[in-house]
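Taken together, the values in this text are just the output of simple stated rules run on the coordinates, not laboratory data. Remember, it's a predicted structure, so these values are computed and weren't measured experimentally. Cβ: placed from backbone, ideal geometry, glycine included. Neighbour counts: every protein chain shown.
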Amino acid sequence: MTNKLDSGVLVVALGSRGSLAAAHELLTAGRSLADTLKERLSAVLLGRPPAEAARDLVERGADKVFVLEHEALSRPDEELQAAALVQLCQKERFGKILFPSSVAGRSLAARLSVKLKAAIATDVFALDAGEAGLKVRRAGYGGNIIGEVEFASPSCVMTLQGMVWPPAPKTPGRAGQVEAVAFAPSATRTEFVSSQAQEAGEIDLGGADLVVSGGRGLGSPEGFKPVRALAKALGAAVGASRAAVDAGWIPYRHQVGLTGRTIRPKLYMACGISGQIQHLAGMSSAKTIVAINSDPECPMMKAATLAVAGDVHEILPLVTGEIMKRRGAAVA
Ligand SMILES: Cc1cc2nc3c(=O)[nH]c(=O)nc-3n(C[C@H](O)[C@H](O)[C@H](O)COP(=O)(O)OP(=O)(O)OC[C@H]3O[C@@H](n4cnc5c(N)ncnc54)[C@H](O)[C@@H]3O)c2cc1C
């Protein structure tokens, strides 16, 4: 069966902890693509989003917002979410479907690509639409190779890297349509067990200007205590290497890198992180990188703006103490 999807750009607005920040970036990319191709730009929300979410997407550039309504779609059941999105895409015949390059975005994009028989390009960081068609550039192997992709199918699915396109600005009162779409879920093979809310007061890695990150060099879960203390003193988010996450020292949501979050903070402090390519893929665009490591020759020390050779356990409390002293606060 050939699919009939061929026109229109769709932004899949996946909320992350109540924030649509990733969707705002997709709307900037989507608006520019739709304008160049002279196509409509739509967005879709899933589950039971607050009433103002659809209006927000219209005011940031969507011509039409679909709300796929069902309580079950609020849960991270990608089988169900993909089924709902496939139904919508088949009906509306979108030609370009944009997801964020998050774990959920990549997973849903892959499912849609298969179900819609649409081409897929992940981790896209540049879109070039011209008379010859659409070409995109994507990063592969942790940013080590750049691939240029042209699509041979009439429709395509893409995941776009975060922090590449600026968030679409809001134009209060901008006109656009909002349409609620009913969805009747069928049984899936996925069972939702539970979800854990982020700790109160925790700064989310995604939009943080300052990040203090820890790796295997911290030695244990307790090793993250001085990392958290420094992050608190600076008002920074806490990041981690995959080695620290895999060891169970810190939850996955803190992981930076190829299979974690891609971030672009003003300051990234890497404490006991060697700087393997998969980690660098998630943070090498940071404006200033400070590395604290006992091995002066490791890749992170080479990538750093400021490399401090020494033991994290000795250096971190000194740095935190100095910051607290300068701010006139009591050292914890
Ligand atoms: C497909 C794939 C995807 C991956 N995705 C990711 C990803 O998203 N993110 C990621 O981080 N990794 C990822 N990895 C894993 C990656 O290759 C590395 O294994 C990992 O980043 C290493 O973590 P680390 O730097 O904490 O540990 P290590 O490489 O073991 O480095 C520990 C560092 O701590 C230093 N150290 C030790 N003791 C001290 C001390 N007391 N004081 C100061 N320094 C000290 C050491 O000198 C060393 O440099 C991926 C790998 C694969 C194959």
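Quick notes
- Relative contact order, whole percent, for the stretch 131-259 stands at 16, derived from Cα pairs under 8 Å and 6 or more residues apart.
- Secondary structure note: in the stretch 9-182, about 30% of the DSSP beta bridges are antiparallel.
- Convex hull volume of the C-alpha atoms in the stretch 132-222, normalised per residue: 341 Å³.
- Mean separation of Cα pairs under 8 Å and 6 or more residues apart, divided by the residue count, gives the stretch 210-326 a relative contact order of 25 percent.
- Of the residues TYR268, TYR252, the one with the fewest other Cβ atoms within 10 Å heads the list, and the complete ranking is TYR252, TYR268.
- Order of ILE120, ILE97 under a 10 Å beta carbon neighbour criterion, fewest first: ILE120, ILE97
- Between 0 and 90°, nearest 10: helix 78-92 axis offset from the chain longest Cα axis: 40
- Value in Å of the Kirkwood radius, where the stretch 45-119 supplies the Cα pairs that are averaged: 13.1
- If both residues of a DSSP beta bridge must be in the chain, then about 20% of such bridges are antiparallel.
- Relative contact order for the stretch 9-182, counting Cα pairs under 8 Å that sit 6 or more residues apart, in percent: 30
- Here the convex hull built on the C-alpha positions of the chain has a volume of 151 cubic angstrom per residue.
- Value of Rg to Rh for the stretch 9-182 (Rh from inverse mean 1/r over Cα pairs, i.e. Kirkwood): 0.93
- 37 °C / 0.692 mPa s Stokes-Einstein diffusion coefficient of the stretch 210-326, Kirkwood radius on C-alpha pairs, µm²/s: 242
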